[in-house]
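Structure record follows, encoded as structure tokens.
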Amino acid sequence: QVQLVESGGGLVQAGGSLRLSCAASGRTSSIYGMGWFRQTPGKEREFVSTISWSRGNTYYADSVKGRFTISRDNAKDTVYLQMNNLKPEDTAVYCCAATWRRSWPKGPYDYWGQGTQVTVSS
């Protein structure tokens, strides 16, 4: 089992920045990839970004390309999401996820965090 704990959410004005962190614990050696998803009430969960644990290959949703950067620190078993030039439409609960599957970057993801709220005011 892998446990994931997110942090770093908050309230920010449009154009501002936030950095989310996701700390993994447990059987972290089994992780093949980690990603960030977001969800707002009444909408389906949306893919944001993902990174392979060993090589650091990355993928982004078109809506965040050029504004968000995903990275990882293998020594700390932590993945980060640097979010710049935030927009009100980025407001959501951001969840971290991990998978052991070689089907990465495709899903499914096997482990999920509780999420952290990001609110961007206009």
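The values are calculated or read from the model by the stated rules, or taken from the named source; none is laboratory data. All values reported here derive from a predicted model rather than from experimental measurement. In this analysis, Cβ positions are derived from the backbone assuming ideal geometry, glycine residues included, and neighbour counts consider all displayed protein chains. SASA here: full protein model, heavy atoms, side chains in, ligands and nucleic acids out. Shrake-Rupley method; radii C 1.70, N 1.55, O 1.52, S 1.80 Å.
Quick look at the numbers
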| read-out | value |
| --- | --- |
| Which numbered condition ARG102 misses (of (1) in contact (Cβ under 8 Å) with a residue 24 or more places away in the chain; (2) assigned to a strand (DSSP E or B)) | (2) |
| Within the range 10-35, considering residues that are out of contact with any Leu (no Cβ under 7 Å at 6 or more places or on another chain) and hydroxyl-bearing (Ser, Thr, Tyr), the one most open to solvent (accessible area, probe 1.4 Å) | SER29 |
| Hits in the range 49-69 (condition: in a loop (DSSP other than H, G, I, E, B) and either farther than 18 Å from VAL120 by Cα or not aliphatic (A, V, I, L, M) (or both)) | TRP53, SER54, ARG55, GLY56, ASN57, ALA61, ASP62, SER63, LYS65, GLY66, ARG67 |
| Scan of the range 105-120 for residues that are in a loop (DSSP other than H, G, I, E, B) and either of a type in the set (Ser, Thr, Tyr) or in contact (Cβ under 8 Å) with a residue 40 or more places away in the chain (or both), ordered by number | PRO105, TYR109, ASP110, GLY113, GLN114, GLY115 |
| Yes/no for ARG67 being among the charged types (D, E, K, R), open to solvent by less than 60 Å² (accessible area, probe 1.4 Å) and within 16 Å of GLY115 (Cβ to Cβ) | no |
| Scope the range 70-93; condition crowded, with 18+ Cβ neighbours inside 10 Å and either modelled with pLDDT under 95 or part of a helix (DSSP H, G or I) (or both); matching residues | ASP90 |
| Top-ranked residue in the range 106-122 [being open to solvent by 50 Å² or more (accessible area, probe 1.4 Å) and not polar (S, T, N, Q); ranked as nearest to LEU20 (Cα to Cα)] | TRP112 |
